[in-house]
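Working notes for the structure below.
Read the figures in this text as sums done on the coordinates, not as results from a lab. Keep in mind that what you see is a predicted model, and the values were worked out from it rather than measured. All Cβ positions, glycine included, derive from the backbone under ideal geometry; neighbour counts span all protein chains shown.
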Amino acid sequence: MKFLVIRKPRAGALVQPTSQTIRAQKEMLLDAVKRGEVDCTYAFLGGGGCSIANANSAEDLNQRLFSSPLGLFYEFEVHPLSDYGKFMDTVAQTLETREKQNR
């Protein structure tokens with residue numbers, strides 16, 4: 001499954017980043033891209049960022065997010081993603097079925 005992961009610095013976080021944890025987070029995320037666990041990752045100006053992550057389950061992704069070097073520093077917003085073409089085909093098929101029923 002693919003997930004959109006949005007990372008924002010957590011206000012009042014228990015963990016405050018150091019140069020070492022920033023570098024460790026960077027390497028961990030770039031290595032995940034190389035392994036195919038993450039399709040892409042971007043930083044937001046001002047802090048935080050977003051990624052498209054690949055995971056077998058929400059639990060798998062949750063474990064990876066919170067075990068990352070800055071896992072306790074970030075607030076995560078996660079959205080499961082669907083293939084656009086398949087999603088739109090399903091919507092069209094549903095509408096076609098309703099149109100036939102209403103005739």
In order through segment 34-50: 3J(HN,Hα) via Karplus (6.51 cos²θ - 1.76 cosθ + 1.60), integer Hz, x for Gly, Pro: 4, 7, x, 6, 10, 6, 7, 8, 9, 9, 8, 4, x, x, x, x, 8
Segment 2-101, dipole about Cα centre (Lys/Arg Cβ +1, Asp/Glu Cβ -1), debye to the nearest 20: 280
Relative packing of 73-79, 57-63, which averages over residues the other C-beta atoms within 10 Å, highest first: 73-79, 57-63
Count, lysine Cα pairs under 22 Å in segment 2-101, 8 or more residues apart or across chains: 6
Pair Tyr42, Thr94: separation of 7 Å Cα→Cβ label points (nm): 2.7
Residue (of Leu29, Thr97, Ser82) at the positive-pole extreme of segment 2-101, dipole from beta-carbon charges: Leu29
Net length gained if the chain between Thr18 and Ser82 were fully extended (0.36 nm per residue, minus Cα distance): 19.4 nm
Helical mean residue ellipticity (222 nm; -39500 (n - 2.57) per DSSP H run of 4+; nearest 500) of the chain: -14000 deg cm²/dmol
Relative intensity, log₁₀ I(q)/I(0), of the chain from a Debye sum that treats every alpha carbon as a point, q = 0.22 Å⁻¹: -1.18
